[in-house]
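The values are calculated or read from the model by the stated rules, or taken from the named source; none is laboratory data. Fair warning: this is a prediction, and the values are worked out from it, not measured in the lab. We place every Cβ from the backbone using ideal geometry, glycine too, and count neighbours over all the protein chains shown.
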Amino acid sequence: MERRDIPQDFDPLLPETFDSAHADYARLRRTCPVAHSNAWGGFWALMGYEDVKQAASDHRTFITSRQNVVPKVAFTGRRPPLHLDPPEHTPYRRALNPLLAPDRVALLEPATRRFAVKLLQPLIDRGYGDICTEFSSYLPVQVFGEWMQMPAHRLEDLHEAGRAFNIAVQSGVSETMKSTSLALYQLARELIANRRQNPRDPATDPTSALLAARHDGEPLPEELIVGTVRQVLVVGIIAPTVMIGSIAVHLCRHADLQDQLRGNPDLIPAAIEEFLRLYTPYRGFARTAVRDVEIAGRRIPADEPIALVFASANRDESVFQDGDQFRLHRPNIAEHLAFGRGPHNCPGAALGRLELRIALEELLARTDGFELNGEITPTRFPEIGALSVPLSFRN
Ligand code: HEM
């Protein structure tokens, strides 16, 4: 069957609200857990928990090197680790993992809190502000800049290029996607040139770690080091931005939970895990099957893109009872897939969690309450969640 003849089970190009995609995915999990869409040249979407987990874990059948995200965005070069399959992908993870390990990330806590307070306090003093466009789109860039040891004067460029790239991806403007991606490559090349001239400690500087890495005794190829730095420049920024927006929406809708967490900040880490499950920010990370496969009784031909809809898998009622509801201390919360599974699982999980925790701690501690103060703007594929959340603050 030609791909265009396959009936369409859902249309990601229809207008969405903050909640509508989740309602659509609940329908698909019930009626069509392996769904097909004709958008962006056609793709499959795995909606159920076990199918997503299985595909993410089986890197031999489901490869990322062909297309790692729906819609396809990589026109400008290969960017490890996401664009490579094991074993080629492994040396890049070996270089990055120690720098993102919990003990290293803990060292970033004071700077993260400083950045959070500096960004947040003016909005609170003003009485209103957009938690996404004025706060959460900046915080991960600054934390990331600290981790990457980037020059401060390039952070605004990173914020701008990262934002423009994300908007271009979401609105499908491929020319802007390419030009902003190239601007990000330029930032990556600058960092690498700088570290070649002035090497830093590979135990603390990610770029120097990649330059120092050896595979079978050889340095990693220059273009792939550039690709890796370029990859982390974006992948580590968008998820926390969207997540903080989604958490704020939830807390505005549930003032009781807002008060409970404000009064008991020690509950915040458990709340963050449940928020990660409920507002998983990714739905478009993708694989391609190397052979025809059958999943939940449906045949997916080889070579066609398959989105792993982590956001849907994490609300699957067969694993998470009342999957659409927030439940503090779910007994099986550790099973959530917000950070993926298998060889491409997120190396930045500890850093992501740190950013979410500090953002929430500061937002709650510095206010007596906050409410929605305008329209929520939702994100589009490949993310899911909030892109703009106007709030008013009481303090
Ligand atoms: C709340 C925050 C975050 C969430 C929810 C998240 C989620 C994810 C997910 C689901 C994947 C797997 C993609 C796949 O299987 O195709 C991933 C991969 C990745 N993430 Fe994160 N992420 C977050 C923050 C970060 C941060 C702060 C960094 C910092 C550097 C980061 C770096 C990466 C990298 C490099 C990969 C690719 C790994 C590979 O291909 O081996 N992420 N992330």
Picking from Ile333, Ile358, Ile376, Ile295, which residue would you name as being surrounded by 15 or more Cβ atoms within 10 Å (Cβ to Cβ), over 21 Å from Val242 (Cα atoms), at pLDDT 95 or above and among the hydrophobic types (A, V, I, L, M, F, W, C)? Ile295
Would you please list the contacts, defined by Cβ atoms under 8 Å and residues six or more apart or on different chains, that run from a residue in segment 345-359 that is in contact (Cβ under 8 Å) with a residue 12 or more places away in the chain to a residue that is assigned to a loop (DSSP other than H, G, I, E, B) and more than 7 Å from the ligand (Cβ to nearest atom)? Ala350/Ala101; Leu351/Leu108; Leu354/Leu108
Yes/no for Gly77 being small (Gly, Ala, Ser) and out of contact with any helix residue (DSSP H, G or I) (no Cβ under 8 Å at 6 or more places or on another chain): no
Arg60 being of a type outside the set (S, T, N, Q), at pLDDT 95 or above and surrounded by fewer than 20 Cβ atoms within 10 Å (Cβ to Cβ): yes
Does any residue in segment 223-240 that is more than 14 Å from Ser181 (Cβ to Cβ) come within less than 7 Å, Cβ to Cβ, of a residue that is within 9 Å of the ligand (Cβ to nearest atom) and of a type in the set (Asp, Glu) six or more places away or on a different chain, and which pairs are these? Pro240/Glu355
All but one of (1) within 16 Å of the ligand (Cβ to nearest atom); (2) part of a loop (DSSP other than H, G, I, E, B); (3) surrounded by fewer than 21 Cβ atoms within 10 Å (Cβ to Cβ) hold for Ala338; which doesn't? (3)
With the condition kept exactly as written, say whether any residue in segment 214-224 is at pLDDT below 95, of a type in the set (A, V, I, L, M, F, W, C), surrounded by 14 or more Cβ atoms within 10 Å (Cβ to Cβ) and part of a helix (DSSP H, G or I). yes
Restricting attention to segment 81-113, report how many residues are surrounded by fewer than 16 Cβ atoms within 10 Å (Cβ to Cβ), in contact with a strand residue (DSSP E or B) (Cβ under 9 Å, 6 or more places away or on another chain) and of a type in the set (A, V, I, L, M). 0
Please verify whether segment 115-129 includes one or more residues that are assigned to a loop (DSSP other than H, G, I, E, B), within 19 Å of the chain's Cα centre (by Cα) and more than 14 Å from the ligand (Cβ to nearest atom). no
Go through segment 298-313 and give me each residue that's in a loop (DSSP other than H, G, I, E, B) and surrounded by fewer than 18 Cβ atoms within 10 Å (Cβ to Cβ). Pro301, Ala302, Asp303
Taking segment 28-57, which residues are touching a residue at least 60 places away in the same chain (Cβ under 8 Å), part of a strand (DSSP E or B) and buried (at least 23 other Cβ atoms within 10 Å of the Cβ)? Phe43, Trp44, Ala45, Leu46
Looking across segment 172-207 at residues that are of a type in the set (S, T, N, Q) and assigned to a loop (DSSP other than H, G, I, E, B), the single one that is surrounded by the most Cβ atoms within 10 Å (Cβ to Cβ) is Thr204
Starting from residues that are outside any helix (DSSP H, G or I) and either in contact with a helix residue (DSSP H, G or I) (Cβ under 8 Å, 6 or more places away or on another chain) or of a type in the set (A, V, I, L, M) (or both), keep the ones in segment 86-113 and report whichever is farthest from the ligand (Cβ to nearest atom). Leu107
Among the residues of segment 379-395, write down those that are over 21 Å from Met47 (Cβ atoms) and either crowded, with 23+ Cβ neighbours inside 10 Å or within 16 Å of the ligand (Cβ to nearest atom) (or both). Ala386, Leu387, Val389, Leu391
In this structure, does Phe370 turn out to be among the aromatic types (Phe, Trp, Tyr) and in contact with a Gly (Cβ under 6 Å, 6 or more places away or on another chain)? no
Out of all the residues in segment 64-85, which are more than 8 Å from the ligand (Cβ to nearest atom) and of a type in the set (Val, Ile, Thr)? Val70, Val73, Thr76
Return the residues of segment 346-356 that are within 6 Å of the ligand (Cβ to nearest atom) and either touching a Ser or Thr at 6+ places or on another chain (Cβ under 8 Å) or in a loop (DSSP other than H, G, I, E, B) (or both); say none if nothing qualifies. Cys346, Pro347, Gly348
